[in-house]
Amino acid sequence: MLEVRHLRKAFGSLVAVDDVSFALERGRLLGLLGPNGAGKTTTVSMMAGLLTPDRGDVLVAGQPLAGDTNPLKRSIGLVPQDLALYDELSARDNLRFFGALYDLSGAVLDTRIASALELVELADRARDRVKTFSGGMKRRLNLAAGLLHDPDILLLDEPTVGVDPQSRNAIFENLEQLKRRGKTLLYTTHYMEEVERLADRIVVIDRGKVIADDTLDGLQARVPAAVGGGRVTLETVFLTLTGRSLRD
Amino acid sequence: MAITPFAAMIRKDLQLFFSDRRAVVLTFAVPIAIASFFGSIFSGARTSREAAKIPIVLVDHDESAVSRGIVAATAADKTFTTRPASEDEARDLVRRGTATVGVVIPKGFGDAAGRAFFAGGAKPELQLLYDPSHGMELSMVRGILTQHVMESVSREVFGGPGGRKFVDEALASLDRSGTPPELRQRLRDMLTAVQGFYSEQDKTPGAAARGPAITMPYSVREEAMTARTNVQYNGYAHSFAGMGIQFLLFAAANLGMEVLLERQRGLWKRLRSAPVSKLTLLGGKTASIAIVALMTLLVSFAFAMVVFGVRIQGSAIGFLAVSLSCALMAATFGLLIAALGRTPAATRGVTTFAILIMVMLGGAWVPTFIFPAWLQQLTLIVPARWAVDGLDAMTWRGIGLSGAVAPTLVLLGFAALFGAIAAVRFRWEEA
């Protein structure tokens, strides 16, 4: 469904992403893990068309994604790490604006807004200004904004930062529902348990390079079993792969 | 350009603008308040008002007929408000700023001035004590005082008792002077004739009081060149143009800085991830800023029209053309800020400074004619100058559509320049 091939991006002398390749399959969730500064957000930005790669391609259904108005962009939804919402506007007005960017209008837009708000359980707060929302509600609305145009692929960059367990669980349920609908998801996070619960496949990236691309079982098999024969946690695998030195 | 995203960009920006009450008040009410204040100072309103008088203090140490004449004429002059004072008092009043100029007439001034009038020699000194912060008023006082001194001295010389004494003294000292004999004789004839004139005056009761004096050999008829005859200058038109443009630029700059905030909050990631062209994004932003800027100007002028009787005495189409081009210039200026600025905090100070300099040089605060000549020429590179001049031309100057052409074209030129720089320097990549 979505494939990245040999992506490279440098900012001056800093090579943020170097020869990164992986693929996302329809109806699956791929967890993209890495320490701070590993190149996750830069990779997601290139996949969403926010950054132009120095080298390599982003392919959607085999077609290269390039150009501002490329129709393939409609098949991608972005849920950025920031709460990319207008605090002074209502939830509905936010979604109305983001939907219009995808040329949605009229009854179609109204239906999509209602459906997205329903999914994230904010239908009753549609007319309230976003600045009155809790952090968790804003995160859910952030997710809804990425879903409005009904994309086949959803790129989620740390979508649960700073939310309480209830909102986080609600977001997980939303994502599982989307997966069941056949959506393709890419999910970056620092929370290993989230990936353990959601991901069908995991790519670990460090210092701009892919250092592992496997299923959870496959990654766990790379590390010797814990004392007592139990399976190692993903966090142990991650620390084994990326080391224990601080990455500030 | 896709219409739906374009229209959505405009609608969203207007919704955000009107949701911020502070911004709305700043944009609409503040320029009206400040322009009303400046207008009341600089102009006057619909009815003609007496100009502010210059306060001066008069110190008469001489108390001669000449000095009393100067004091009386100065007190009667409509340009001044006068009060007599001692010299110490005068110095204190000027130092405190209560009086702008103090005129000190020294002892013996009348006699010395009369002698100097006929025979030359040492001229008496009239002392002017002045407030250095009122240099322009000093020039006015000096000019008007010259008229009153000349009139008073000449009246005394040609008709007063002092004059007879001066003529007698001049005749007595004629032989002692080094004047060549032929010229001396002619001068004696003239002074003798003046003595005869005085004798004739004595025979005619009241003639001395009406005696001749050197007076201004012309009178002045003043006509303000406004839109039409009998249409009075309305200074509110200028002040509302100036303040309207200042706050229109502030409104545009604020919306430009909103782009930096949107970038900071990750909103541009959403915008850039959508299949929307750069032209649509920049066009939508330009259009929304231009609409707010145009509203700022038009609301200000609407208020000025209703409350202060400002009228478009020139071309209404020209007025709209200048306003629209001014709004476009401001919009692209806002875009320039969005393109060149890094963070809102760092950009705000620089932008405020740039706008204040621009409107100050543009004549929005004080008319450009008080600037030095070189600066008046330099301000032609400031867009605010063209905007103010264009709006002045269409309002109180009453110039037709032709007066709007140059300002409109120049403002559109600035808009194109700012827009081009913004498009080139805009950071499109979102890491």
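The values are calculated or read from the model by the stated rules, or taken from the named source; none is laboratory data. All values reported here derive from a predicted model rather than from experimental measurement. Quick reminder, even Gly has a Cβ in these numbers, built from the backbone with ideal geometry, and neighbours come from all protein chains shown. Only protein heavy atoms, including side chains, enter the accessible area calculation; ligands, DNA and RNA are left aside. Shrake-Rupley method; radii C 1.70, N 1.55, O 1.52, S 1.80 Å.
Taking the average, over residues, of other Cβ atoms within 10 Å as the packing measure, peptides B:299-311, B:278-290, B:242-254 rank B:242-254, B:278-290, B:299-311 from highest down. Over all pairs of different C-alpha atoms in chain A, the reciprocal of the mean inverse distance, the Kirkwood hydrodynamic radius, equals 18.8 Å. Extent along the principal axes, Cα only, for the stretch A:1-142: 46, 31, 28 Å, with the longest axis given first.
Assuming R0 = 25 Å, what is the FRET efficiency of B:Arg425 and B:Phe353, from their Cβ-Cβ distance, to the nearest 0.05? Approximately 0.80, to the nearest 0.05.
Hey, what's the Cα Rg ratio for the protein assembly as shown versus the globular rule of thumb, 2.2 N^0.38 Å?
1.57
Heavy atoms of the protein only, probe of 1.4 Å, neighbouring chains included. What is the accessible area of B:Ile399 in Å², nearest 10? Number for this one is 70 Å². Among the listed pairs B:Lys78/B:Lys203; A:Lys40/A:Lys138; B:Lys53/B:Lys165; A:Lys131/A:Lys209, those with a Cα-Cα distance over 32 Å are B:Lys78/B:Lys203; B:Lys53/B:Lys165; A:Lys131/A:Lys209. Taking the longest Cα principal axis of chain B as reference, the axis of helix B:402-425 is set at about 50 degrees. For chain B, the longest principal axis of the alpha carbon atoms and the long axis of helix B:109-119 meet at an angle near 70°.
In this structure the stretch B:54-203 gives 54 Å² per residue of accessible area when probed at 1.4 Å with all protein chains present. Electrostatic bookkeeping for B:Leu281 treats Lys and Arg as +1 and Asp and Glu as -1; over the other residues with beta carbon under 13 Å from its beta carbon, the sum is +4.
Taking 7 Å steps out from each Cα toward its Cβ at B:Ser133 and B:Ser177 produces label points 4.9 nm apart.
Going 7 Å from the Cα of B:Leu401 along its beta-carbon direction, which residues of the stretch B:291-332 have the amide nitrogen within less than 14 Å of the resulting point? Under cut-off, by backbone N: B:314-322.
Couplings 3J(HN,Hα) for the stretch B:270-284, derived from phi with the Karplus relation 6.51 cos²θ - 1.76 cosθ + 1.60 (θ = phi - 60°), are 5, 5, 6, 7, 7, x, 10, 6, 4, 4, 5, 5, 6, x, x Hz, where x marks Gly and Pro. Computed over the stretch B:54-203, the quotient of the alpha carbon radius of gyration and 2.2 N^0.38 Å is 1.23.
Extents of chain B, largest first, come to 107, 43, 41 Å (Cα atoms, principal axes, whole angstrom). Put simply, the amide H of B:Leu58, placed in the peptide plane, has neighbours under 5 Å in B:Arg83, B:Ala85, B:Val103, leaving out anything fewer than 5 places away on its chain.
Ellipticity at 222 nm from helices only: DSSP H runs of n ≥ 4 in the protein assembly as shown, each -39500 (n - 2.57), divided by the residue count, give -17500 deg cm²/dmol.
Per-peptide packing, taken as the mean over residues of other Cβ atoms within 10 Å, places A:119-128, B:67-76, B:314-323, A:89-98 in the sequence A:89-98, B:314-323, B:67-76, A:119-128 from highest down. Compared with the dominant principal axis of the Cα atoms in chain B, helix B:344-361 is inclined by about 40°. Remark: the stretch A:110-201 projects, on average over all directions, an area of 5.9 nm² (convex hull of Cα atoms).
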